[in-house]
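Everything on this sheet refers to the single structure shown next.
Nothing in this text is a laboratory measurement; each read-out follows from the coordinates by a stated rule. Since the model is a prediction, treat every value here as computed from it, not as a measurement. Quick reminder, even Gly has a Cβ in these numbers, built from the backbone with ideal geometry, and neighbours come from all protein chains shown.
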Amino acid sequence: MLTAATYSIAMRSYGTQSTVDTHNYSQLVLPLAGELSMDIAGRGAILDRTVAAYVEAGSRHDQVSDVANRALILDLQPRDLDARAADRLASRPYMSMTPEATNLIDYMGASLNKGRVLPHKLQLWVPLLVDALLGDEPQTPSRLASLLTAMESDLSKNWTVDIMAERVGVSASRLHAIFQESLGKSPRAWLMDLRLQQVCRLLTNTELSIAELAYRSGYADQSALTRAMRKATGLTPAAYRRQTRVRD
């Protein structure tokens, strides 16, 4: 279930000085470049683009490197992983990276560099990553996360409920139930919110015409976007753009 999570992610590099640590949350150490030597509760390994690490909450660990390196460090609170996944990760703290995991890590590293790692993006990304690291077939939460990621990356597509349900592999009625249980919204309401969020970002950060950003965000035309914006914010797209520019 995609409940509200408390993920925290950062990009870090390590040097020749040992950094011993322990904490009450778990971590995934996901190399992006170079390599580092890591010890977790007395078990050592070299991490590079082929090996990732899971540090169980409360485990003493340290890491050193004498070469240039970069890694994503993902902090996970106890409620962020189901018990089965947490147990499986703890049983093998060093994991071979699957191609799927490598692609996901590269994607999030690029997003972090661009300042685009928003909470909802982590909520979509983490279930997919855990499945990829464990070599599992995507479960329903991850399949839902995959759908949400696809919707976010192609909002101009005609995302009907039937198309969404087929993507997840469930019936339309079951998809409604999953969305309500996991996200507190219907599939259509989630999509409408996602489209409006993109419109607001584009209005604030680009000079695209309103007709163009309406098309990119999945609205039939500028009039449809104007009606949706006025209902949600009380402002037309042009007025919203003027207001955000004045604030800047």
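Tabulated results
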| quantity | calculated |
| --- | --- |
| Coordinate range along principal axes, alpha carbons of the chain, Å, largest first | 63, 44, 29 |
| Residues of type aspartates and glutamates that Lys231 reaches as a straight line, Cα spacing below 15 Å, ignoring anything fewer than 8 places off in the same chain | Asp193 |
| Shape of the range 148-248, Cα gyration tensor, a/c cut at 1.5 | prolate |
| Potential extension, Asn103-Ser173 segment - 0.36 nm per residue separation minus Cα distance | 22.0 nm |
| Selection from Thr160, Ala145, Ser209, by position along the positive dipole direction of the chain (Cβ) | Ser209 |
| Ala41 versus Ala150: modelled label distance in nm, points set 7 Å from Cα along the beta carbon direction | 3.8 nm |
| Calculated log₁₀ intensity ratio I(q)/I(0) where the Debye formula runs over C-alpha points of the range 8-137, q = 0.16 Å⁻¹ | -0.76 |
| Rounded to the nearest 20 debye, dipole of the chain from Cβ charges on Lys, Arg, Asp, Glu | 1200 debye |
| Within the chain, helix-based [θ] at 222 nm, where runs of 4 or more DSSP H residues each add -39,500 (n - 2.57), nearest 500 | -15500 deg cm²/dmol |
| Cut-off 13 Å, label 7 Å out along Cα→Cβ of Asp75, residues of the range 7-23 by amide N | 7-11, 22-23 |
